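Asks: Below is one structure. I have some questions about it.
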Amino acid sequence: MSKVAMPKLNLQELNNLLQANRGLAAVVKKEVSDHLSGKRFLILTLLVVAACLASLYIAATSIRTAAASQESSFVFLRLFTTAGANLPFSFTSFVSFLGPLLGLIMGFDAISGERDRGTLSRVLSQPIYRDALINGKFIAGVIVLAIVIFGLGFLTGGMGLIIFGVPPTLDELLRILAYLALSVVYISFWLALSLLFSIVFRQTTTSALAGIALWLFFSLFAIFLVGMIADAVCPITDSNNLEQVMANARLHQGLSKLSPNTLYDEATVTMLNPSVRALGVVMLEQIYGAIDAPLSFGQSILLIWPHLVGLIAATLICFAAAYFIFMRQEIRA
Amino acid sequence: MGLTEPTEGSVSINGFDPARDPLRVKSLVAYLPDNVGFYQDMSGLANLRYTAALNGLPPEIAEKRIQNALAKVELTKAAERKVGEYSRGMRQRLGIADLLVKDPPLIIMDEPTLGIDPEGIRELLELIKELAREDNRTIIISSHLLQQVQKICDQVGIFVKGKMIASGTIDQLGNQLLAGQKLKLELIAEPQDEGLYKLCQSFDAVLELKKEDQILTLMCAEDIRPQLAQKIVTAGYKLLHLHLRGFSLDDIYQRYFQREEGNYEQGRDAEAKPSRT
């Protein structure tokens, strides 16, 4: 008897698993096509493309001097990081600045917009779990983000190839891919955050404002705030006092690493600048005697591994919070 | 329906508990909210396709059902247009097509006729009736528009302050409510003269007679309409109007409210059609 029962049970489990994801594919498909055909998305992508082309132009005009002034290789990576004299923007700083905006705009009305239009109650009364809707929206967002970011990265890379004629080495290529993947994770964090806001706030505008406020806070004000807190908690009264200086610097660094922006920026620098050997406070005696040579790809990844985990964790926390609130929310108008 | 969390109590639909088995329940029940929302920048067809996909229908069946549903609500021509261009009535009809694509045995509608022009209402009510009668579905409508409810519903329940205080067919409710009470007859006949009054009072059942403009109001102990009508006609009067008050849903509703005096939040009439258990 038990032999007969076993496969039945497995079938049931399989069935349950399938049931749980029912409708997910449909939601993802619809959301992706919505994003790609939406005007809002078009405008923002054009903005980002324009920014990247501008940064490419800047890099094109100043990369020769930059490459000449520093004897190191990795010319191809400089394509992404070189900022001009008159315009202090590189590809990376554009992505790091505008990327969050892309994520926010894709998610800020994900749920509240559906609620406003009255589609939420209709969609959720179909035989799907609530998970399917929110998971589908997030997955669709990440897919679209990945398309945009990788598209842009390859576009810039390709243009650079044409302009300079310097092919990337394998190491450089891996670094660029890692950097682009990192960017997708980072922007996904903002997507998850805006998804959370779109669930918490019933008003679409409130949700958008909350997202933008947080974005501005992290990209502009957090730096000052962290400095202030660090100075207040561990004041430096004597700049010769090593203990004090170290404590202050440690706190400063620790606090600023709470910001996803800092995590991303540090990780980006490490990824695209192989000569970065350490992040954080380094004593002179630790550097003394070290050979000034670029790190290998694997070592750079090792260096930013905590950052990557931190970013993914932050994304998951936002998403989990969104999930938790949404599951219990009253949908009826 | 997975839209709201229970605070207390339990619900069972065909033996399934919505809190434990939401997907089963959701596939048995369809819901048409009062202001049904569709994706504005998608065509009606695309909206229905999305519903079909969410229901996990295989494409061939989905297409067939969608075409049938659109034909039934007469939106085939407008199917390719964006929902943003639809009128309210069209949206509501698309909502019904949406239900048809899902094809559930139980449908819940919330104020389906709100904000639609009279002709649209008539069509919509016809459609609802068809859904119930032809396909043998249970439809629950919640509405404030009692006359419409009366037209299409088999059973009504009256909710005051969230509690169902009466349910049954309209006649049952009327009888229940009016049992032992005086009946109110409205009568218009020409010419209206003393003879007519006397004639009316000649019935033992008539307890009281009042004149209001054209209308004579008779308070009676029992329903004497057949006898009264015959007598009036044989006496040479022209009978223009004879109506027993108290059996329209409006009247029933009002009575219940008077009984449940005090403030109420919302009165609702829910109704079920040829229901299966």
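The values are calculated or read from the model by the stated rules, or taken from the named source; none is laboratory data. Predicted model only: the values in this text are computed from it and were never measured. Reconstructed Cβ throughout: ideal geometry from the backbone, glycine too, with neighbour counts over all protein chains shown.
Asks: Please determine whether any residue of region B:187-200 is closer than 30 Å to residue B:222 by Cβ, buried (at least 19 other Cβ atoms within 10 Å of the Cβ) and of a type outside the set (Gly, Ala, Ser).
Replies: Step one: filter region B:187-200 for residues closer than 30 Å to residue B:222 by Cβ, giving B:187-200.
Then drop every residue that is not buried (at least 19 other Cβ atoms within 10 Å of the Cβ), which leaves B:187, B:189, B:200.
With the extra rule that they be of a type outside the set (Gly, Ala, Ser), the set shrinks to B:187, B:200.
Within region B:187-200 (the criterion being closer than 30 Å to residue B:222 by Cβ, buried (at least 19 other Cβ atoms within 10 Å of the Cβ) and of a type outside the set (Gly, Ala, Ser)), the answer is yes, since at least one residue qualifies.
Asks: Now, a different point. Taking the condition at pLDDT 80 or above and either touching a strand residue (DSSP E or B) at 6+ places or on another chain (Cβ under 8 Å) or not assigned by TED's automatic domain parsing to the domain that holds residue B:138 (or both), does residue B:236 pass? If you could, list the steps in order and put the result at the bottom.
Replies: Details: at pLDDT 80 or above: yes; either touching a strand residue (DSSP E or B) at 6+ places or on another chain (Cβ under 8 Å) or not assigned by TED's automatic domain parsing to the domain that holds residue B:138 (or both): yes.
Answer is yes for this residue.
Asks: Could you grab me the full set of residues in region B:1-15 that are touching a helix residue (DSSP H, G or I) at 6+ places or on another chain (Cβ under 8 Å), aliphatic (A, V, I, L, M) and modelled with pLDDT of 70 or more? Steps first, please.
Replies: Start the filter on region B:1-15 by keeping residues that are touching a helix residue (DSSP H, G or I) at 6+ places or on another chain (Cβ under 8 Å), which leaves B:1-3, B:5, B:13-14.
So of that shortlist, the ones also aliphatic (A, V, I, L, M) come out as B:1, B:3, B:13.
Within region B:1-15, just B:13 meets the criteria.
Asks: Pick out, from region A:41-141, the helices (runs of 4 or more DSSP H) lying fully within it that include 1 or more residues that are surrounded by fewer than 16 Cβ atoms within 10 Å (Cβ to Cβ) and at pLDDT 80 or above.
Replies: On the way: elements: A:75-81, A:91-107, A:112-117, A:119-124.
Where helices (runs of 4 or more DSSP H) fall fully within region A:41-141 and carry at least 1 residues being surrounded by fewer than 16 Cβ atoms within 10 Å (Cβ to Cβ) and at pLDDT 80 or above, they are A:91-107, A:112-117.
Asks: State yes or no: is residue B:114 within 18 Å of residue B:76 (Cα to Cα) and hydrophobic (A, V, I, L, M, F, W, C)?
Replies: On the way: within 18 Å of residue B:76 (Cα to Cα): no; hydrophobic (A, V, I, L, M, F, W, C): yes.
So residue B:114 fails the test.
Asks: Here's a check for you: in region B:74-89, which residue that is under 29 Å from the mean Cα position of the chain (by Cα) and surrounded by 14 or more Cβ atoms within 10 Å (Cβ to Cβ) is nearest to residue B:120 (Cα to Cα)?
Replies: Applying the filter and picking the extreme gives B:89.
Asks: Taking the residues in region B:114-162 that are of a type in the set (Lys, Arg) and assigned to a helix (DSSP H, G or I) as candidates, determine which candidate is farthest from the chain's Cα centre (by Cα). Working first, answer last.
Replies: First, pick out the residues of region B:114-162 that are of a type in the set (Lys, Arg): B:122, B:129, B:133, B:137, B:151, B:161.
Add one more test, that the residue is assigned to a helix (DSSP H, G or I), and what stays is B:122, B:129, B:133, B:151.
Values: B:122: 12, B:129: 10, B:133: 14, B:151: 6 Å.
Among residues in region B:114-162 that are of a type in the set (Lys, Arg) and assigned to a helix (DSSP H, G or I), the one farthest from the chain's Cα centre (by Cα) is B:133.
Asks: Now a separate question. For the subset of region B:1-22 comprising residues that are aliphatic (A, V, I, L, M) and over 20 Å from residue B:137 (Cβ atoms), which member is farthest from the other protein chains (Cβ to nearest Cβ)? First the steps, then the outcome.
Replies: Step one: filter region B:1-22 for residues aliphatic (A, V, I, L, M), giving B:1, B:3, B:11, B:13, B:19.
Narrowing the set further to residues that are over 20 Å from residue B:137 (Cβ atoms) leaves B:3, B:19.
On the way: B:3: 4, B:19: 12 Å.
Ranking the candidates gives B:19 first.
Asks: Quick check on residue B:69: is it under 23 Å from the mean Cα position of the chain (by Cα) and not in a loop (DSSP other than H, G, I, E, B)?
Replies: Details: under 23 Å from the mean Cα position of the chain (by Cα): yes; not in a loop (DSSP other than H, G, I, E, B): yes.
In short, yes.
Asks: Can you find a residue in region B:92-104 that is at pLDDT below 80, touching a strand residue (DSSP E or B) at 6+ places or on another chain (Cβ under 7 Å) and not in a helix (DSSP H, G or I)?
Replies: Going through region B:92-104, the residues at pLDDT below 80 turn out to be none.
There is no residue in region B:92-104 that is at pLDDT below 80, touching a strand residue (DSSP E or B) at 6+ places or on another chain (Cβ under 7 Å) and not in a helix (DSSP H, G or I).
Asks: Determine whether region B:163-185 contains at least one residue that is assigned by TED's automatic domain parsing to the domain that holds residue B:216, modelled with pLDDT of 75 or more and buried (at least 18 other Cβ atoms within 10 Å of the Cβ).
Replies: Yes, some residue in region B:163-185 is assigned by TED's automatic domain parsing to the domain that holds residue B:216, modelled with pLDDT of 75 or more and buried (at least 18 other Cβ atoms within 10 Å of the Cβ).
Asks: Looking at region B:52-66, is at least one residue under 20 Å from residue B:139 (Cα atoms) and among the hydrophobic types (A, V, I, L, M, F, W, C)?
Replies: Within region B:52-66 (the criterion being under 20 Å from residue B:139 (Cα atoms) and among the hydrophobic types (A, V, I, L, M, F, W, C)), the answer is no, since none of the residues qualifies.
Listed here are the residues, each with its yes/no results for (1) under 29 Å from the mean Cα position of the chain (by Cα); (2) under 17 Å from residue A:187 (Cβ atoms).
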residue: A:206; (1), (2): yes, no
residue: A:218; (1), (2): yes, yes
residue: A:229; (1), (2): yes, no
residue: A:233; (1), (2): no, no
residue: A:243; (1), (2): no, no
residue: A:246; (1), (2): no, no
residue: A:257; (1), (2): yes, no
residue: A:264; (1), (2): yes, yes
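Asks: Report, by residue number, each residue of region B:23-48 that is more than 7 Å from every other protein chain (Cβ to nearest Cβ), out of contact with any Asp or Glu (no Cβ under 6 Å at 6 or more places or on another chain) and assigned to a loop (DSSP other than H, G, I, E, B).
Replies: B:41, B:42, listed by residue number.
Asks: Among what's in region B:73-89 and is farther than 22 Å from residue A:34 by Cα and out of contact with any Lys or Arg (no Cβ under 9 Å at 6 or more places or on another chain), pick the residue that is nearest to the other protein chains (Cβ to nearest Cβ). Before you say what the answer is, go through the steps one by one.
Replies: Residues of region B:73-89 farther than 22 Å from residue A:34 by Cα: B:73-77, B:87-89.
With the extra rule that they be out of contact with any Lys or Arg (no Cβ under 9 Å at 6 or more places or on another chain), the set shrinks to B:76-77, B:87-89.
Working: B:76: 21, B:77: 23, B:87: 16, B:88: 12, B:89: 16 Å.
Selected residue: B:88.
Asks: When you check residue B:62 against the structure, is it aliphatic (A, V, I, L, M), crowded, with 19+ Cβ neighbours inside 10 Å and out of contact with any Cys (no Cβ under 8 Å at 6 or more places or on another chain), yes or no? Write out each step before concluding.
Replies: Details: aliphatic (A, V, I, L, M): yes; crowded, with 19+ Cβ neighbours inside 10 Å: no; out of contact with any Cys (no Cβ under 8 Å at 6 or more places or on another chain): yes.
Against the criterion (aliphatic (A, V, I, L, M), crowded, with 19+ Cβ neighbours inside 10 Å and out of contact with any Cys (no Cβ under 8 Å at 6 or more places or on another chain)), residue B:62 does not qualify.
Asks: Follow-up. Looking at region A:104-131, which of its residues are touching a Lys or Arg at 6+ places or on another chain (Cβ under 9 Å), at the interface with chain B (Cβ under 8 Å from one of its Cβ atoms) and touching a residue at least 24 places away in the same chain (Cβ under 8 Å)?
Replies: Those that are touching a Lys or Arg at 6+ places or on another chain (Cβ under 9 Å), at the interface with chain B (Cβ under 8 Å from one of its Cβ atoms) and touching a residue at least 24 places away in the same chain (Cβ under 8 Å): A:121, A:124, A:126, A:127, A:128, A:129.
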